Amino acid sequence: MKKLGLIVNPIAGMGGRVGLKGTDGEGTLKKALALGAEPVAPKRAVETLRELRSVKGKISLITYPHEMGEDETKETGFVPKVIGKITPGRTTAEDTKRAATQMRELEVDLLLFVGGDGTARDIFDVVKNELPVIGVPAGVKMHSAVFTVDPKAAAEDVMKFLWDELPLKEAEVMDVDEEAYRAGRLSAKLYGYMLVPHEPSLLQGTKLASLEAEAEAEQQGGIAKHVVEAMEPGTVYLLGPGTTARAVAEALGEEKTLLGVDIICDKKIVAWDVNERQILEQLKGKKAKIIVSPIGGQGFIFGRGNQQLSPEVVRRVGKDEIWVLATPHKLSLTPTLKVDTGDPELDRGFRGHLRVIVGYRQSRIVKII
């Protein structure tokens, strides 16, 4: 029997769809709940565990009480060994660290955790590089390289490591200052490295910083000119995060929120830094398009840093009304694109190829995996 540890951070990712860019801090969590935020990580845990049911009889699953793993394992038919105690009410970072400590002491073969960059950092504080880990992405920022591309990939990575003996590789644990992030400043920091089973096709990799070169800015300007000329009167444009999207706003003479989603209509920004609920309200009875740019190095066009563009929003707009923008330099570092909205059926519908605007009246067909 292989010993698999499972830790679920039940509050990870709750700030995404409501536009809060994270849930670090009690005040932010309270605000997220007041805005109607719903748990993300438990659903991602269930999705992963369902993919592992074929090896249920070969795994001794060790987890923490209630929503930190026990509930999800029982929902999917596992009979876990439940250890430890959790903080009454809302779980804390200390619960995550305590769970990781106890699982390290029990010498689990692999630690599977569900959360975001903050969860990875908490586990790193305890585990360092003494224990192999796999992260299931459930947060908002997702800069660390310890995460797989989605829950299905996490389950596949678990099985390949436990039975096919995948090699281990040191992967970066990153985190950002959420207060700065909410203010539109991206301040990422490398905290260290953890060991992950190395299967490149299953891991998301580290987010690459934007290239602030003159040539890159010129290419972004060409893309922006193309987009602005193609805009139609009365159509609502949902402008995602990033410097390439910001160039579109600048071409209109508007100031964009760098790390949020803004709404453009008739070539004016009519709403800044909106959440899912505000977007859906704006879409009522109107034709709309989504404008996004992939995360450099990772390739995600949905599901990393733009959870406001939820599955319901994407379905309301329609796949054919999505404009993807990327400079040739970014595409050279990101040869394939990915989608991880949290809705597997929707994600599968994107697989194939998509046209990407790479310059003024220039586009390229890029594969989505």
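Only the coordinates and a few stated rules stand behind these numbers; no lab work does. Only a predicted model underlies this, so the values are computations on that prediction, with no experimental measurement involved. Because the Cβ atoms are built from the backbone with ideal geometry, glycine has one as well, and the counts that use them run over all protein chains shown.
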Can you list residues from other chains, or at least 5 along the same chain, whose modelled amide H is less than 5 Å from the amide H of residue 60? 2, 3, 4
Phi-derived 3J(HN,Hα) across the range 304-316 with the Karplus relation (6.51, -1.76, 1.60, θ = phi - 60°), rounded Hz, x for Gly and Pro, is 9, x, 9, 5, 4, 7, 6, x, 5, 5, 4, 5, 4
Once both labels are modelled 7 Å past Cα along the beta-carbon direction, what's the residue 130-residue 333 spacing in nm? 3.5 nm
Using a simple charge model, +1 on the beta-carbon of Lys and Arg, -1 on the beta-carbon of Asp and Glu, nothing else, what dipole does the range 214-368 show about its Cα centre, in debye to the nearest 20? 480 debye
Cross-link list 31/74; 2/160; 319/367; 289/338: which exceed 21 angstrom alpha carbon to alpha carbon? 31/74
Out of 368, 331, 311, whose Cα points farthest toward the positive end of the dipole of the range 311-368 (charges: +1 Lys, Arg; -1 Asp, Glu; placed on Cβ)? 331
Is it possible to state the helix-based mean residue ellipticity at 222 nm for the chain, with each DSSP H run of 4+ residues giving -39500 (n - 2.57), the sum divided by total residues, to the nearest 500 deg cm²/dmol? What is it? -9500 deg cm²/dmol
Student exercise, the chain dipole from Lys, Arg, Asp, Glu Cβ charges, in Debye to nearest 20: 780 debye
Residue by residue through the range 290-297, what is 3J(HN,Hα) from phi via Karplus (6.51 cos²θ - 1.76 cosθ + 1.60, θ = phi - 60°)? Round to whole Hz and write x for glycine and proline. 10, 10, 9, 10, x, 5, x, x
Note down the net charge around residue 234, summing +1 for each Lys or Arg and -1 for each Asp or Glu among other residues with Cβ under 15 Å from its Cβ. +3
Go ahead and run the numbers for FRET between residue 229 and residue 348, Cβ-Cβ distance against an R0 of 35 Å, rounding to 0.05. 0.60
Of (1) 38.5, 157; (2) 24.3, 76; (3) 20.4, 63, which is the value of Rg and Dmax of the Cα atoms in Å derived from the coordinates here? (3)
Among 251, 224, 138: highest mean-square fluctuation, GNM of the chain, C-alpha pairs under 10 Å: 251
Mind listing the long-range amide H neighbours of residue 368? Cut-off is under 5 Å, sequence gap 5 or more, other chains count too, H placed in the peptide plane at 1.01 Å from N. 337, 352, 353, 354
Find how many whole Å separate the alpha carbon centroid of the range 347-369 from the alpha carbon centroid of the range 232-277. 21 Å
Extension length gain for residue 93 and residue 164 (0.36 nm per residue less Cα distance), in nm, is 22.3 nm
According to a simple spin-label model (label point 7 Å from Cα along Cα-to-Cβ), what is the distance in nm between residue 101 and residue 268? 5.8 nm
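For the chain, give me the percentage of DSSP beta bridges that are antiparallel, rounded to the nearest 5 percent.
Expressed as a percentage, antiparallel bridges in the chain total about 45.
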Which residue, 221, 36, 69, has the most motion in a Gaussian network model of the chain that connects Cα atoms within less than 10 Å? 36
So the angle from the long Cα axis of helix 214-230 to the longest Cα principal axis of the chain, reported in degrees to the nearest 10, equals 70 degrees
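Taking 0.36 nm per intervening residue step and subtracting the Cα-Cα distance, what contour gain separates residue 319 from residue 255 on full extension?
20.3 nm
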Calculate the dipole size of the range 74-179 relative to its Cα centre from +1 charges on Lys and Arg beta carbons and -1 charges on Asp and Glu beta carbons; express the result in debye to the nearest 20. 440 debye
Across 43/225; 141/169; 268/330, pairs whose alpha-carbon gap is larger than 31 Å: 43/225
Using only Cα atoms and rounding to the nearest 10 degrees, what angle (0 to 90) does helix 93-105 make with the longest principal axis of the chain? 50 degrees
Percent antiparallel among DSSP beta bridges (both partners in the range 214-368, rounded to 5): 50 percent
Name the long-range amide H neighbours of residue 92: under 5 Å, sequence gap of 5 or more, or other chain; modelled H, no Pro or chain starts. 87
Within the range 2-197, the percent of DSSP beta bridges that are antiparallel, given to the nearest 5, stands at 30 percent
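Grab the other residues whose beta carbon is less than 12 angstrom from that of residue 326, score K and R as +1, D and E as -1, and report the net.
Working: positive: 330, 355, 364; negative: 216.
Charge balance near residue 326 sits at +2.
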Hz values of 3J(HN,Hα) by residue in the range 57-64 - Karplus curve (6.51, -1.76, 1.60), Gly and Pro given as x: x, 10, 10, 9, 9, 10, 8, 9
